[in-house]
Amino acid sequence: MAYRNLQISNRGAVHRITVNRPDKLNALNRETLNELTLAFTQAAQDDAVRVVVLAGAGEKAFVAGADIAEMNGYTPIQAQGFSRAGQHLMTTIERLGKPVIARVQGFALGGGMELAMACHLRVASDKARFGQPEINLGLIPGFGGTQRLLRLAGRAAALELCLLGTPVNAQRAYELGVVNRVVTPETLDETVDGLADQLAGAAPLAAAGILDCVLHGGETAIDQGLEFETQAFALAFSTDDMHEGTTAFLEKRKASFSGR
């Protein structure tokens, strides 16, 4: 389908979703949230898609935040609905069952940082800036920022970014554990494409199992998480991919995974 605020492209099994509002620094209004939720839902249902890259149009911003002009007129009830729509999108991405890479080339602030944190890997240009500046607007993060930042980087980082509201550079975000890799702007696409290609060639059912174990098992007590892992490990032995992977290893050849 045609989207008003997104660009969609495919390169083999790599599916790219680009937020395309560069005149607004790709800010998230309600329509864009809805379109992103639909786009990711469709990607989840498409067996040809094995990995998703999420990007922002232009060089200035990944996503600079929520659309403050739209938010300014909200009633508390409307704000509650907006927060729930944003959280629903972030949960859809996080639980997609396929790896999602955030390509961050500029500002990732507020809802933009929350969007990046919902992805499974984050690759940032050394020109990128990350922050949760909602406190400067008399607000708090509403799309999961307090919770995902806490789980991703710990209490100290969550309190630093949310209470101070001061953006940090990509290197500081890397030090806090928010970003996986920091590269030059010139090598950003090369790095993202390399990771996407590697993931696209990996066993998709195994990738889904790893995502489940980390995301769901990680929210439980260690004994429950270990049992979750054991069950997922055993289930993998019922797949064609497991037999292909182990056979390819023994035959000293590259495995070709079918997703079955």
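Is one or more of the residues making up region 91-104 in the same structural domain as V53 (by TED's automatic domain parsing), in contact with a Phe, Trp or Tyr (Cβ under 6 Å, 6 or more places away or on another chain) and within 20 Å of E190 (Cβ to Cβ)? Within region 91-104 (the criterion being in the same structural domain as V53 (by TED's automatic domain parsing), in contact with a Phe, Trp or Tyr (Cβ under 6 Å, 6 or more places away or on another chain) and within 20 Å of E190 (Cβ to Cβ)), the answer is yes, since at least one residue qualifies.
One line per residue, one yes/no per condition, for (1) out of contact with any Pro (no Cβ under 9 Å at 6 or more places or on another chain); (2) outside any helix (DSSP H, G or I); (3) closer than 20 Å to A44 by Cα:
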| position | (1), (2), (3) |
| --- | --- |
| T187 | yes, no, no |
| L195 | no, no, yes |
| A202 | no, yes, yes |
| A207 | no, no, yes |
| S238 | yes, yes, no |
| M242 | yes, no, no |
| G245 | yes, no, no |
| R253 | yes, yes, no |
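If you filter region 35-52 down to residues that are touching a strand residue (DSSP E or B) at 6+ places or on another chain (Cβ under 6 Å) and among the hydrophobic types (A, V, I, L, M, F, W, C), you find that the one that is surrounded by the most Cβ atoms within 10 Å (Cβ to Cβ) is V51. Condition (residue is of a type outside the set (V, I, T), surrounded by 23 or more Cβ atoms within 10 Å (Cβ to Cβ) and assigned by TED's automatic domain parsing to the domain that holds A13) applied to region 68-84: is it met by at least one residue? Checking region 68-84: not a single residue is of a type outside the set (V, I, T), surrounded by 23 or more Cβ atoms within 10 Å (Cβ to Cβ) and assigned by TED's automatic domain parsing to the domain that holds A13. Restricting attention to region 185-244, the residues that are within 23 Å of M117 (Cβ to Cβ) and exposed (fewer than 13 other Cβ atoms within 10 Å of the Cβ) total 5. Considering only residues that are crowded, with 17+ Cβ neighbours inside 10 Å and closer than 26 Å to D197 by Cβ, which ones fall in region 10-34? Of everything in region 10-34, those that are crowded, with 17+ Cβ neighbours inside 10 Å and closer than 26 Å to D197 by Cβ turn out to be A13, V14, H15, R16, I17, T18, V19, N20, N26. Within region 144-160, being surrounded by 20 or more Cβ atoms within 10 Å (Cβ to Cβ), under 18 Å from V104 (Cα atoms) and among the hydrophobic types (A, V, I, L, M, F, W, C) holds for one residue alone: L149.
A count restricted to region 245-259 and to residues that are exposed (fewer than 11 other Cβ atoms within 10 Å of the Cβ) and more than 12 Å from A202 (Cβ to Cβ) stands at 4.
Those helices (runs of 4 or more DSSP H) of region 132-181 in which 1 or more residues are among the polar types (S, T, N, Q) and touching a residue at least 24 places away in the same chain (Cβ under 8 Å) occupy 170-176.
The values are calculated or read from the model by the stated rules, or taken from the named source; none is laboratory data. What you see is a predicted model, and the numbers here were worked out from it, not measured in a lab. Positions of Cβ are backbone-derived with ideal geometry, glycine not excepted, and every protein chain shown enters the neighbour counts.
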